[in-house]
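As structure tokens, the structure follows; a few thoughts come after it.
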Amino acid sequence: QVQLAESGGGLVQPGGSLRLSCAASGSAVSGSAMRWFRQAPGKQREFIAIITAGGSTDYADSVKGRFTISRDNAKNTVYLQMNSLKPEDTAVYYCQTAYFSSTTRTLEDAWGQGAQVTVSS
């Protein structure tokens with residue numbers, strides 16, 4: 001089993017910055033891609049960013065140039081640095097990974113509980 005836990009959410013003014021952390025436990029996730037998603041009230045979950053096991057990154061157009069995903073394998077943690085925040089960035093942010101379950105012998109999704117990010121003046 002892999003458990004993910006986000007932290008670092010909060011209230012920030014437009015133009016401000018926030019850094020989210022996603023700590024994995026139960027197993028190392030260094031060999032797996034890690035992703036960030038977000039879901040605003042009344043909207044579908046939206047892909048935000050991905051970082052592969054090799055460190056390659058990609059971003060949704062809506063956050064490209066403003067957000068940076070990174071990982072620290074020694075800490076089994078992935079980060080999302082959010083700069084130049086806009087009100088439309090307000091959402092619950094989730095980290096996600098897929099891992100091989102030794103019990104089910106299948107790929108399983110692991111999701112964090114979500115971190116609320118509110119961008120408002």
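The values are calculated or read from the model by the stated rules, or taken from the named source; none is laboratory data. As the structure is a computational prediction, the values presented were derived from the model and not from experiment. So basically every Cβ, Gly included, is an ideal-geometry build from the backbone, and we count neighbours across all protein chains shown. Just the protein is used for accessible areas: all its heavy atoms, side chains included, with ligands, DNA and RNA removed. Shrake-Rupley method; radii C 1.70, N 1.55, O 1.52, S 1.80 Å.
When Rg and the Kirkwood Rh are both derived from Cα coordinates, the Rg/Rh ratio for the chain amounts to 0.98. Taking θ as phi - 60° and the Karplus parameters 6.51, -1.76 and 1.60, the scalar couplings of the range 56-69 work out to 6, 10, 8, 9, 5, 4, 5, 10, 4, x, 10, 9, 9, 9 Hz in sequence order, x denoting glycine and proline. Applying 1/(1 + (r/R0)^6) with R0 = 25 Å to the Cβ-Cβ distance of ARG105 and ALA74 gives a FRET efficiency near 0.30. Approximating the spin labels as points 7 Å out from Cα along Cα→Cβ, the GLU88-to-ALA28 distance works out to 4.1 nm.
Under a straight-distance cross-link criterion of Cα-Cα below 18 Å, which lysines are reachable from LYS64, leaving out those fewer than 8 residues away in the same chain? Within the straight-line cut-off, LYS64 pairs with LYS86. On the protein heavy atoms, probe 1.4 angstrom, tell me the percent of accessible surface of the chain carried by carbon and sulfur. That share works out to 47 percent.
Counting only aspartates and glutamates at least 8 places from LYS75 when in the same chain, those with an alpha carbon closer than 19 Å to its own are GLU6. Take the Cα of ASP61, step 7 Å toward its Cβ, do the same at GLN116, and the gap between the two points is 3.1 nm.
Taking every alpha-carbon pair under 8 Å whose residues sit at least 6 apart, the range 1-96 reaches a relative contact order of 35 percent.
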